[in-house]
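S.K.: The structure that follows is given in the form of structure tokens.
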Amino acid sequence: MTRPSLYEYAGGDSALRALAAAHHERCLADPWLNHPFSHPGQHPEHVERLAAYWAEVLGGPATFTSFSGHAQMLGIHSGNEAPAEMGDRFHQCFVLAMDDAQLPDDPEFRTAMAAYMRWAVDEVMGYMACEAKPPTAAPMPRWSWDGLQA
């Protein structure tokens with residue numbers, strides 16, 4: 001029997017939208033993350049785009065790449081000089097938002113999701129230096145129960 005993708009196991013698009021909304025709310029409530037998440041330059045469909053990005057990475061449809069891509073996401077977040085603590089807080093908000101969004105409480109699922117976000121935060125934080133040069137092209141990462149897929 002084939003195991004469902006993390007996207008499917010989570011509950012599909014509606015679950016990832018709930019997760020993105022819950023995560024966004026937690027980030028707005030965090031004193032370190034509030035400014036970047038309440039910035040007037042933020043895309044008006046940020047939560048929907050974030051949900052589409054996570055859905056695609058976790059095995060869902062290629063909705064995000066129909067209007068953007070991984071390299072563009074890295075470019076938007078690069079050069080912001082964010083301290084490492086912001087990445088840690090972002091990760092913690094994600095972990096807590098899984099409860100808020102009522103995602104499955106399966107320990108293996110939660111571990112895989114938290115591991116994905118740790119990897120994703122570390123990748124984005126790697127481009128935070130002012131002089132950082134994010135890639136101009138990068139394939140969309142794919143994350144499964146076993147981690148990053150080649």
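S.K.: For the chain, build the charge dipole from Cβ charges (+1 Lys, Arg; -1 Asp, Glu) around the Cα centre, then report which of L50, S66, G87 sits farthest towards its positive end.
M.R.: Most positive-ward Cα: S66.
S.K.: Further question: Using a simple spin-label model with points 7 Å from Cα along the Cα→Cβ vector, what separation in nm is obtained for I76 and D88?
M.R.: For I76 paired with D88, the spin-label model returns 2.7 nm.
S.K.: Ok, one more. Viscosity 1.002 mPa s, temperature 20 °C: what is the translational diffusion coefficient of region 40-140 from Stokes-Einstein with a Kirkwood Rh over Cα pairs, rounded to a whole number of µm²/s? Please report the intermediate quantities before stating the final value.
M.R.: Details: Rh = 14.6 Å.
Diffusion coefficient, whole number: 146 µm²/s.
S.K.: Given a 1.4 angstrom probe, what's the average accessible area per residue across region 13-150, in square angstrom?
M.R.: Working: 7180 Å² over 138 residues.
Per-residue accessible area for region 13-150 comes out at 52 Å².
S.K.: If you place +1 on the Cβ of every Lys and Arg and -1 on the Cβ of every Asp and Glu, how big does the dipole about the Cα centre of the chain come out, in debye to the nearest 20? Please report the intermediate quantities before stating the final value.
M.R.: Numbers: 9 positive and 19 negative charges, 57 e Å.
It works out to roughly 280 debye.
S.K.: Computing the accessible area with a 1.4 Å probe over protein heavy atoms, can you report the carbon and sulfur percentage for region 1-141? If you can, show how the numbers build up before the last one.
M.R.: Values: 4100 of 7370 Å².
Of the solvent-accessible surface of region 1-141, carbon and sulfur hold 56 percent.
S.K.: Relative to the first principal axis of the alpha-carbon coordinates of the chain, what is the inclination of helix 107-125, with its axis defined by its Cα atoms, in degrees from 0 to 90 and to the nearest 10?
M.R.: Roughly 20 degrees, rounded to the nearest 10.
The values are calculated or read from the model by the stated rules, or taken from the named source; none is laboratory data. Everything quoted here is computed from the prediction, not taken from an experiment. FYI the Cβ positions are ideal-geometry reconstructions off the backbone, even for glycines, and counts take in every protein chain you see. Areas reflect the complete protein model, heavy atoms only, side chains present, ligands, DNA and RNA absent. Shrake-Rupley method; radii C 1.70, N 1.55, O 1.52, S 1.80 Å.
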